[in-house]
Amino acid sequence: MILYVQTSDQPERQYSPLVLAQTARAMGVKPILYYLGMGLKILVPGAAEKIKLGNFPSVKEMIEKTQGMGIEVYVCEASKQMLGWEKVDFIPGVKIVGAATLNDLVLEADGVVYF
């Protein structure tokens with residue numbers, strides 16, 4: 001399993017974990033995406049649609065393709081609280097998990113990549 005951790009809301013940093021997760025799945029490797037910190041801002045409805053760089057599809061389309069491939073997308077509950085988001089909607093299909101989940105995933109992973 002490869003764990004891709006997205007910590008940023010910067011547009012130019014959104015594509016790499018999605019492309020790599022999709023590539024890992026195509027290679028027969030289990031990828032998981034974990035969003036924390038400022039990365040959560042991308043998963044609020046309307047945010048990912050606004051990001052489209054170069055010839056790539058929008059980040060929303062990339063996330064939908066990633067989820068359509070059966071790749072799990074996790075959201076850090078502690079980061080949600082850090083941002084002061086008591087009640088917030090995220091895009092469909094993401095799973096809100098605790099900080100211990102990240103530690104567990106890191107310990108289980110064959111590789112961990114942070115963005």
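Key figures
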{"item": "Pair list, Cβ < 8 Å and 6+ apart or interchain, from the range 1-22 residues that are within 13 Å of Val75 (Cα to Cα) and among the aromatic types (Phe, Trp, Tyr) to residues that are at pLDDT 95 or above and buried (at least 22 other Cβ atoms within 10 Å of the Cβ)", "result": "Tyr4/Pro17; Tyr4/Ala21; Tyr4/Pro31; Tyr4/Leu33; Tyr4/Tyr34"}
{"item": "Test set (1) surrounded by fewer than 16 Cβ atoms within 10 Å (Cβ to Cβ); (2) part of a loop (DSSP other than H, G, I, E, B) - Asp9 fails condition number", "result": "(1)"}
{"item": "Per-region count, the range 42-89, residues in contact (Cβ under 8 Å) with a residue 40 or more places away in the chain and not in a loop (DSSP other than H, G, I, E, B)", "result": "16"}
{"item": "Matching residues, the range 33-54, being surrounded by fewer than 20 Cβ atoms within 10 Å (Cβ to Cβ) and within 13 Å of Cys76 (Cα to Cα)", "result": "Gly37, Met38, Lys41"}
{"item": "First in the range 90-115 and closer than 18 Å to Ile2 by Cβ, second anywhere and part of a helix (DSSP H, G or I), Cβ under 6 Å, 6 or more apart", "result": "Val112/Val106; Phe115/Arg13; Phe115/Ser16; Phe115/Pro17"}
{"item": "Answer residue from the range 96-115, given it is under 19 Å from Gln14 (Cβ atoms) and either in contact with a Lys or Arg (Cβ under 9 Å, 6 or more places away or on another chain) or of a type in the set (Ser, Thr, Tyr) (or both) and is surrounded by the fewest Cβ atoms within 10 Å (Cβ to Cβ) among those", "result": "Tyr114"}
{"item": "Selection within the range 82-95 - farther than 15 Å from Ile42 by Cβ and either within 13 Å of the chain's Cα centre (by Cα) or surrounded by 11 or more Cβ atoms within 10 Å (Cβ to Cβ) (or both)", "result": "Met82, Lys95"}
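For (1) of a type outside the set (A, V, I, L, M, F, W, C); (2) modelled with pLDDT of 95 or more; (3) out of contact with any Ser or Thr (no Cβ under 7 Å at 6 or more places or on another chain), each residue gets a yes or a no:
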residue	(1), (2), (3)
Ala47	no, yes, yes
Met62	no, yes, yes
Gly84	yes, yes, yes
Lys87	yes, no, yes
Ala99	no, no, yes
Ala109	no, yes, yes
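Conditions tested, residue by residue: (1) of a type in the set (A, V, I, L, M); (2) closer than 25 Å to Ala100 by Cβ.
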position: Ser16; (1), (2): no, no
position: Val19; (1), (2): yes, no
position: Thr23; (1), (2): no, no
position: Ile32; (1), (2): yes, yes
position: Leu40; (1), (2): yes, yes
position: Lys52; (1), (2): no, no
position: Glu61; (1), (2): no, no
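The values are calculated or read from the model by the stated rules, or taken from the named source; none is laboratory data. Quick caveat, the model's predicted, so the values are computed rather than measured. Heads up, the Cβs are rebuilt from the backbone with ideal geometry, glycines too, and the neighbour counts pull from every protein chain shown.
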